[in-house]
Amino acid sequence: MSETKGKDFSQTGFSEAPRGIIAEVTDYWASLRTGSRPPMRQQLEPAALARNLPHVFLAELISPRVARLRICGQQVEEILGMEMRGMPVTAMFCGTARNEVMQAMEQVSLGARVTLVLEGESGFGLPRMTATLALLPLCDETGRISRVMGVLARDGEPGRTPRRFTLAKAVQVNETTSGDEAPTRPALRVIDGGKS
């Protein structure tokens, strides 16, 4: 799964997210773990992700709270209606949700697996759309968490214009251990925000 060559995530799309996509990708991610250590980025194989590739993105952690998209599947790019390579993950969210998403990303940088329940912004030409986003940490060859694999399963169509997400519920954080070192502070169970 090269970030500069190899398969294009945008070429194997579905009109709707298949059922169980979050579980399938998360189970694959978990199968690559060594004990509590997150998988290495180099372990990922596009063939193993198969039909779920259009719903997957890879992002690079620029700082503990900021990740920039390096590879982005078609179903993810359809949300904003543009190529998203190089954009921050927070570009998919309304301004009111971005601080909580950055808090969630910080937990991922510590080794936590995070789940966000989302709702698409409303407005003219924007039909109802909900989604679930899982953020999964990935290590580099030194054992440092430097990448994030995201998987987005949405229900509904983006609509006529680009749209962003709000948080429908509090962010769910599953505590793990990050690589060789334990997190410097406890991973959160819930990040307050959303519509409760």
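The values are calculated or read from the model by the stated rules, or taken from the named source; none is laboratory data. Everything numeric in this text was worked out from a predicted model, so none of it was measured. Cβ sites come from the backbone with ideal geometry, for glycine too, and all protein chains shown count toward neighbours.
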For region 154-161, check the following and say yes or no: at least one residue is within 19 Å of PHE57 (Cα to Cα), crowded, with 21+ Cβ neighbours inside 10 Å and of a type outside the set (Lys, Arg). no
Please go through region 137-152 and pick out each residue that is surrounded by 23 or more Cβ atoms within 10 Å (Cβ to Cβ) and over 18 Å from MET87 (Cβ atoms). PRO137, LEU138, CYS139
Test GLU119 against the criterion of being within 14 Å of SER146 (Cβ to Cβ), among the acidic types (Asp, Glu) and part of a strand (DSSP E or B), and give yes or no. no
Answer residue from region 46-76, given it is modelled with pLDDT of 90 or more, touching a helix residue (DSSP H, G or I) at 6+ places or on another chain (Cβ under 9 Å) and of a type in the set (D, E, K, R) and is nearest to GLU100 (Cα to Cα) among those: ARG65
Within region 125-140, is even one residue modelled with pLDDT under 95, under 15 Å from the mean Cα position of the chain (by Cα) and part of a loop (DSSP other than H, G, I, E, B)? no
Some residue of region 149-167 being at pLDDT 95 or above and either small (Gly, Ala, Ser) or part of a loop (DSSP other than H, G, I, E, B) (or both): yes
So, in region 39-58, exactly how many residues are buried (at least 17 other Cβ atoms within 10 Å of the Cβ) and under 27 Å from LEU126 (Cα atoms)? 7
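Can you tell me how many residues in region 91-105 are assigned to a helix (DSSP H, G or I) and either surrounded by 21 or more Cβ atoms within 10 Å (Cβ to Cβ) or of a type in the set (S, T, N, Q) (or both)?
Step one: of region 91-105, the residues assigned to a helix (DSSP H, G or I) are 91-92, 95-105.
Among the residues that remain, those that are also either surrounded by 21 or more Cβ atoms within 10 Å (Cβ to Cβ) or of a type in the set (S, T, N, Q) (or both) are: 92, 96-97, 99, 101, 103-105.
Residues that pass the stated criteria total 8.
Please work out which residue is surrounded by the fewest Cβ atoms within 10 Å (Cβ to Cβ), limiting yourself to region 77-90 and to residues that are of a type in the set (A, V, I, L, M) and either without any contact (Cβ under 8 Å) to a residue 60 or more places away in the chain or in contact with a His (Cβ under 7 Å, 6 or more places away or on another chain) (or both). Spell out the reasoning first.
Going residue by residue through region 77-90, those that are of a type in the set (A, V, I, L, M) are 79-80, 82, 84, 87, 89.
Adding the requirement that they be either without any contact (Cβ under 8 Å) to a residue 60 or more places away in the chain or in contact with a His (Cβ under 7 Å, 6 or more places away or on another chain) (or both) leaves 84, 87.
Working: MET84: 21, MET87: 16.
Restricting to residues being of a type in the set (A, V, I, L, M) and either without any contact (Cβ under 8 Å) to a residue 60 or more places away in the chain or in contact with a His (Cβ under 7 Å, 6 or more places away or on another chain) (or both), the top hit is MET87.
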